[in-house]
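Structure record follows, encoded as structure tokens.
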Amino acid sequence: MASSFLYNRMDCISKFKLGFLIVLGLSMGCKQEAHEPVRSQKKVWFKALHQSGDLVEYRHELTLYTDSTFVYDSKEKDHGHSKYEKFEGIAFIQNDTLHFSRNDMNGAGSKAVLKNGMLEFANGTNSFRLEVVENHTPLKSVINLRNHPDYALFTYYPSKKRDRNTPYDLSPAEFEKVRELIHCVFEEQKANLKSNQDYIKQLIPYRNKKGELEVRVNMFCNDKLDPNGFKYRTILMNDGGKCNVTFVVIFKSNYYVDFSVAGEA
């Protein structure tokens, strides 16, 4: 009887130990699965591109991610020479401005604002622009130029120390008004101009010393070798015949002045 009792007791203990080990193993497996780290994949938050050039090719691409990191790739290609650079850092948004942890990416500083589909770097001396191709940030453009691919809007920068004109940003309604007046120019200056679709238009709005709104309009023939170049920088041309046209739109008089073709009034 004693041996039978001892055997049953040992058998019970063995079963208890086995059950305890099974439960312990299951609980350890559950804990390991529950505490497995979840890796969040960063996504593209903002992307802008500068791609232009004929004799010298330029390609700058900025990618900003959801974890506030950014990558800035630049490439400049000349005859038989190429230069590649890559910049990485941190960026953040404050009001309407993007701030970057680096200021050596394109020679125009570490701050940029979003204007009319372009990201514009400016440090008071130089400016550099990239076209926005993807944007999930709170920053939005006032004027959407995607439906007007022959137009580009630029910030006014005083050319002289005593220049009393001040920069101004057009509203969508004011932009449409400028387009209407440009149409009038083509109607009245048919003998001096090609067709509207043959030109790209660069607009530079500002307020004069009296506070009146004016817009400098530069028009040039389409450049097949560098079709996007006009979006990134204002064009200066001394000649060009009908491919070099300038005038100023005056909002107060609802008309235009200083019309010239190839530098000749």
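Each reported figure results from applying straightforward, stated rules to the coordinates on display, with no laboratory input. Please read all numbers here as calculations on a predicted model, not as lab measurements. Backbone-built Cβ (ideal geometry, glycine too); neighbour counts: all protein chains shown.
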Whichever lysines have a C-alpha closer than 19 Å to that of Lys177, once near sequence neighbours (fewer than 8 apart) are set aside: Lys115, Lys201, Lys252
Phe186 paired with Ser253, simple spin-label distance in nm, labels 7 Å along Cα-to-beta-carbon: 2.3 nm
Furthest towards positive pole of dipole, Gln94, Ser74, Gly124, structure part the stretch 44-141, Cβ charges: Gln94
Trypsin sites (Lys or Arg not before Pro) within the stretch 42-86: DSSP coil, no more than 16 neighbouring Cβ in 10 Å: Lys42, Lys43
Electrostatic dipole magnitude of the stretch 40-119 [Cβ: Lys, Arg +1; Asp, Glu -1; Cα centre; debye, to 20]: 220 debye
Proximal charge balance of Val132 [Cβ under 14 Å; K/R count +1, D/E count -1]: +1
Whichever aspartates and glutamates have a C-alpha closer than 13 Å to that of Lys43, once near sequence neighbours (fewer than 8 apart) are set aside: Asp67, Glu134
Three-way shape label, the stretch 132-218, alpha-carbon gyration tensor, a/c 1.5: oblate
Flagged links, alpha-carbon separation over 26 Å, of Lys160/Lys190; Lys42/Lys83; Lys77/Lys224; Lys160/Lys231; Lys47/Lys86: Lys160/Lys190; Lys42/Lys83
Debye intensity ratio I(q)/I(0), log10, the stretch 44-141, q values 0.17 Å⁻¹ (C-alpha model): -0.72
For the stretch 83-198, size of Cβ-based charge dipole, Lys and Arg +1, Asp and Glu -1, in debye: 420 debye
